[in-house]
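Right, one structure below, let's go through it.
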């Protein structure tokens, strides 16, 4: 599909509070997602030692790919970019949940197969 045909859809998406728009008619489909800018702490406040890892899509959380070991267990040391799980959406392509920084998984808030909402905290990482 030519980008000029998607441009009106992208502009409309920016004007709404939607995070993701998916379309599929069987022979053609697309998914558009807005990328939120992480909120910075107000000046003068110390940074938290915990980093939230939030869902970037609506769907079912899976703690591993089929046939693979569980990924985001509490106490697990992770590097930046490590996979912590994935979110299965209606669009078909899973959204991999990745660690935003190195640290340790301090808390897991979701279980395998649980429905999650956009922006919902899934994990807390300790720096």
key: Extended-chain gain in nm, criterion 0.36 nm per residue less alpha-carbon gap, residue 126 and residue 15   = 36.5 nm
note = Between residue 31 and residue 73, the two model label points (7 Å from Cα along the beta-carbon direction) sit apart by a distance in nm of 2.8
key: Exposure proxy order (Cβ contacts within 10 Å, fewest to most) of 73, 82   = 73, 82
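Every number here is computed from the coordinates shown, using simple stated rules; none is lab data. These figures come from a predicted structure and were not determined experimentally. Don't worry about glycine lacking a Cβ; one is built from the backbone with ideal geometry, like all the others, and counts go over all protein chains shown.
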